[in-house]
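Asker: Below you'll find the structure I mean.
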Amino acid sequence: MDKLKISILLLIIFFSFSCSKKQIETEKKINTKSQDLEMITNYNEAYELLKKNDTYNAAQKFLNAELLFPQSVWAPRAALMASYSYYLQNYYSEALDNLKRYTITYPNDKNLAYGYYLIAICYYEMIEDEKRDIEPILEAKENFEYIIENYPGSDFALDAKFKLDYIKDMLASKEMYVGRHYQKKNKWIAAINRFKVVIEEYDQTIYVEEALHRLVEINYKIGLIEESKLYANLLGYNYQSGEWYKKSYKIFNKNYNEKKNDKKIIKKDGVIKKFKKLFD
């Protein structure tokens, strides 16, 4: 009899435990579905706000959606959309902070390429001109290069290449601006170094002609005539009859007549390629 009672008691305990376990699992599923549904609701509300151009409130809603259920597949999407909302209202610092958090929190997200692209674009939009803070230019350049290297087949990489061309022009312009400043102050070596950066690192930009002329001009002025001639030859080979070549030619030929010597401009890719051996 005692054995029977014990057996029945054990069965009751077993079934009670099983039922309790099933109940807990059921409650977890219900809670999960409830959280997921609440998150999707918040996400959709945020998206509607975004369509109405209420970007600030949209950003807050997207962030709330992410916080509701951070394990959901919707969470990284919500984080990206919050960043995009900040970007639309020109809150670049807020967008960047959130995007950097996104790349750390969701390193395997399928939309990571877009996240990095948006980081680059935020820095790109912060660029003002070459005379001001250079940090946004360098940050944009670094992030666009990262996209090209890590996501070469994406549409983002294609756009990054176009943006990089503009950035290189900006950086070359910065070097020219500083170089001219040093030249006016008679700081010859500092000026030469800046103009060399342009012809060595930004040889496909529009500033190469002037940089070469400045090197002709400075080297001639400080008595390095042979060095000056080398740069003049390089300028003439690549940009014959261009305005900067004419200015350089006048340095060596004071009686130069532009009308008699006007020829068609010849341009070649890679300024240093043909004549680099002259400087080795």
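The values are calculated or read from the model by the stated rules, or taken from the named source; none is laboratory data. Keep in mind that what you see is a predicted model, and the values were worked out from it rather than measured. We place every Cβ from the backbone using ideal geometry, glycine too, and count neighbours over all the protein chains shown.
For every residue, the table says whether it meets (1) among the acidic types (D, E); (2) at pLDDT 90 or above; (3) surrounded by 13 or more Cβ atoms within 10 Å (Cβ to Cβ); (4) touching a helix residue (DSSP H, G or I) at 6+ places or on another chain (Cβ under 6 Å).
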| site | (1), (2), (3), (4) |
| --- | --- |
| H181 | no, yes, yes, no |
| K184 | no, yes, no, no |
| Y202 | no, yes, yes, yes |
| T205 | no, yes, yes, yes |
| E209 | yes, yes, yes, yes |
| D269 | yes, no, no, no |
| K276 | no, no, no, no |
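Asker: Which one of these is more than 30 Å from E175 (Cβ to Cβ) and of a type in the set (S, T, Y): Y87, Y123, Y114?
Answerer: Y114
Asker: For region 186-200, name all the residues that are under 11 Å from L171 (Cβ atoms) and surrounded by fewer than 20 Cβ atoms within 10 Å (Cβ to Cβ).
Answerer: V197
Asker: Of all residues being of a type in the set (S, T, Y) and more than 19 Å from Q183 (Cβ to Cβ) in region 235-245, which is surrounded by the most Cβ atoms within 10 Å (Cβ to Cβ)? Just the residue, please.
Answerer: Y239
Asker: Would you pick out the residues in region 85-102 that are polar (S, T, N, Q) and closer than 10 Å to C122 by Cα?
Answerer: Those that are polar (S, T, N, Q) and closer than 10 Å to C122 by Cα: N90, S93.
Asker: Which pairs turn up if I take residues in region 206-234 that are farther than 21 Å from Y177 by Cβ and look for partners that are among the aromatic types (F, W, Y) and surrounded by fewer than 18 Cβ atoms within 10 Å (Cβ to Cβ) with beta carbon separation below 7 Å, at least 6 apart in sequence or on another chain?
Answerer: I222/W188; L230/F279; A232/F252; N233/F275; L234/F275
Asker: Filter the helices (runs of 4 or more DSSP H) completely within region 1-120 down to those with at least 1 residues that are in contact with a helix residue (DSSP H, G or I) (Cβ under 6 Å, 6 or more places away or on another chain), at pLDDT below 90 and not hydrophobic (A, V, I, L, M, F, W, C).
Answerer: Here the list reads 2-51, 55-68.
Asker: Output the number of residues of region 130-165 satisfying the condition of being without any contact (Cβ under 8 Å) to a residue 40 or more places away in the chain, surrounded by fewer than 17 Cβ atoms within 10 Å (Cβ to Cβ) and not in a helix (DSSP H, G or I).
Answerer: Result for region 130-165: 4.
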